[in-house]
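All remarks here apply to the structure that follows.
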Amino acid sequence: MSKTTFILIGITYYIATIVVIVLILNWINRKESKKYKTAIENLEREKNLIISASILSELNKVEPLLNNSDSKELFTEWQRRFKEIKEEDIPKITDRLLEIEDLFIERRYKELKKQMADVELDICYIKTKANFLLEEIKSITLSEERNRETITKLKASYRDILNKYHTKEKDFALVASPMELQFENVEKLFSAFETAMEKNAYQEIGKIVRAIDDTIGNLKIVIEEAPSIILMGQKLIPNKIDSILKTKEKMEKEGYNLTFLNLDYNITEAKKKIADVFQRLNVLNLEDSIFELKTILDYFESTDNDFDKERIAKKIFEDYARTILIKTTKLNKINNELYKKIDDIKYSYDLNNEDLTVIEEIKTSLKEIREKYEEIIELHRSKKSYFTKLAKEMEHLNVKLTKTEEKLEHTLRTIGSLKEDEVRAREELDEIKGILLQAKKQVREFKLPVVPDNYYVELSEASEAISEIIKELEHTPISIKVLNTRVDTARDLVFKVFNTSKELVKTAKMAETAIVYGNRYRNYKDVDTGLTKAEINFYKGNFKHSLEEAINAINIVEPGIYKRLIEEYQ
């Protein structure tokens, strides 16, 4: 392919690229242009919808309803506002939309975008003005229909109230006069409504409707709540107060101090509150009355629980008063006896003052408990406190007494264990001596040819340890800690001697038995040599080596004897 051909192909590609770019730019431009055109059309449509036929229609409807100077002034103001929107605001928007179209034609999109945003805000503001105006006009044009509908519902509610009142008229005897007066007021308001409707006095009509609604709403509350208020205020609460006063009087005669409940003051305040509720009830003001009376009733009902708690607390107090006194007296007696023996205990068991301070602490604690007990009993006798509090204090005192009792019991066990340790040491001494005697007897009865030196060393140590026990038991005062150490040491050493003598005798017996058994094979030279070595070791006191030599020799002619004899040995 020639150079000229390459150049032509390159030029062709370049031209094609330029054409594609131009086409793409044109497509983008047309699309953006179409977008702005659609937006401008939408703004134009929104502007045209601001002045709707509804406003003119509603203004035409309201004009025949005007029959006083106030309503005529209001109508004039509406016309002015409508004219302002129609002849001032709309033309301004129209002019600005024309400017936007010019910018669109000139393709000045940057300025166009800002202008469109501003116009959109202005259209929204003017539309809101128009909607407010329309709603205000409709408040008059639709008022008759709305008010008639409202009054119809109110009349139905009023008839329902009258029916309930006459059905249960006895329940409302206390508020009959103010309710009858309210019924008359409602009738007058219904008549005033009809008169205002005939005169088209729409501003007055709204006030009358609200007054009727408020009055009937209050009457509805009275019908629903007044019987409960009267029942609680005249029967339930007074009956409850009478019952509480009778219970209070009876319990006080039985020795209860109920001043902490502050009943007299609370009853007085409750009666004041009830009087206030009925005073407001006379003018049909029932705000929070049910809540207040219910709170009072709940309080007096909870007072029964307080009475029950006092009764239970009295029983608890009396039980503690009896048991604490008995237990304190008993513990004092035990501790005093123990206190008298402190010197003897210290002398007998080598104890120092620190070891016995607990006895002094117990004595002090018991004294404090007894003083606190007398203080609580005096409060009870003088009736300066109530049983709930007294029982709680007695309970705390009983906890302290229980801890002191546990401390005393622990002390008694500790001191008692000292004597037990002494007795047990004497018993163990006899037992240890018996074991050592058995060990000596085992060695003596078998008549060993030689007794190893280690046996005599262990025997000497064990005998010395036993002597130390005897010295400690004869010593005054006895140190239980040292005595227990001596006993433990002696026991270990004696058992060591016992095990050594047992093992020694057992090994010697097995070695002797093996040598006697092997004598039948003396005609074998190797067996005879081995048995001879075994005999030499036996008479030297090397019983373990003797046993091994005898077993190994016999095993030459009787395989397996080693295993059998070892099993027998073990």
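Figures for the structure shown
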{"item": "Residue that is out of contact with any Pro (no Cβ under 9 Å at 6 or more places or on another chain), under 30 Å from Phe538 (Cα atoms), surrounded by 15 or more Cβ atoms within 10 Å (Cβ to Cβ) and at pLDDT below 75, where the choices are Leu418, Leu448, Leu429, Leu473", "result": "Leu448"}
{"item": "Qualifying residue in region 214-225 (condition: farther than 19 Å from Ile290 by Cα, in a helix (DSSP H, G or I) and touching a residue at least 12 places away in the same chain (Cβ under 8 Å))", "result": "yes"}
{"item": "Candidates Leu565, Leu531 - the one that is at pLDDT below 80 and surrounded by 15 or more Cβ atoms within 10 Å (Cβ to Cβ)", "result": "Leu565"}
{"item": "Among residues of region 272-330, those that are of a type in the set (Ser, Thr, Tyr) and under 30 Å from Ile362 (Cβ atoms), counted", "result": "4"}
{"item": "In region 115-127, the residues that are out of contact with any Asp or Glu (no Cβ under 9 Å at 6 or more places or on another chain), surrounded by fewer than 18 Cβ atoms within 10 Å (Cβ to Cβ) and closer than 18 Å to Thr38 by Cβ", "result": "Ala117"}
{"item": "Pairs with Cβ under 7 Å, 6+ apart, first in region 301-319 and closer than 15 Å to Lys392 by Cα, second exposed (fewer than 13 other Cβ atoms within 10 Å of the Cβ)", "result": "none"}
{"item": "Flag if Ser385 is at pLDDT 80 or above and either crowded, with 18+ Cβ neighbours inside 10 Å or not in a helix (DSSP H, G or I) (or both)", "result": "yes"}
{"item": "Matching residues, region 275-299, being over 18 Å from Phe172 (Cβ atoms) and either modelled with pLDDT under 85 or not assigned by TED's automatic domain parsing to the domain that holds Ala173 (or both)", "result": "Glu287, Asp288, Phe291, Glu292, Lys294, Thr295, Ile296, Leu297, Asp298, Tyr299"}
{"item": "In region 254-274, the residues that are aromatic (Phe, Trp, Tyr), modelled with pLDDT under 85 and either loosely packed, with under 12 Cβ neighbours inside 10 Å or not in a helix (DSSP H, G or I) (or both)", "result": "Tyr256"}
{"item": "Filtered residue count, region 253-275, keeping only those that are aliphatic (A, V, I, L, M) and without any contact (Cβ under 8 Å) to a residue 12 or more places away in the chain", "result": "1"}
{"item": "Complete set of residues in region 532-553 that are outside any helix (DSSP H, G or I) and among the polar types (S, T, N, Q)", "result": "Asn542"}
{"item": "Any hit, region 202-210, residues being under 29 Å from Asp288 (Cα atoms), buried (at least 16 other Cβ atoms within 10 Å of the Cβ) and among the hydrophobic types (A, V, I, L, M, F, W, C)", "result": "yes"}
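A quick yes/no check of all residues on (1) out of contact with any helix residue (DSSP H, G or I) (no Cβ under 8 Å at 6 or more places or on another chain); (2) at pLDDT below 80:
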{"position": "Arg146", "(1), (2)": "yes, yes"}
{"position": "Phe190", "(1), (2)": "no, yes"}
{"position": "Phe193", "(1), (2)": "no, yes"}
{"position": "Met197", "(1), (2)": "no, yes"}
{"position": "Ile216", "(1), (2)": "no, no"}
{"position": "Glu224", "(1), (2)": "yes, no"}
{"position": "Leu231", "(1), (2)": "yes, no"}
{"position": "Lys248", "(1), (2)": "no, no"}
{"position": "Glu252", "(1), (2)": "yes, no"}
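The values are calculated or read from the model by the stated rules, or taken from the named source; none is laboratory data. It should be emphasised that the depicted structure is a prediction, and the values quoted were computed from it without experimental measurement. Heads up, the Cβs are rebuilt from the backbone with ideal geometry, glycines too, and the neighbour counts pull from every protein chain shown.
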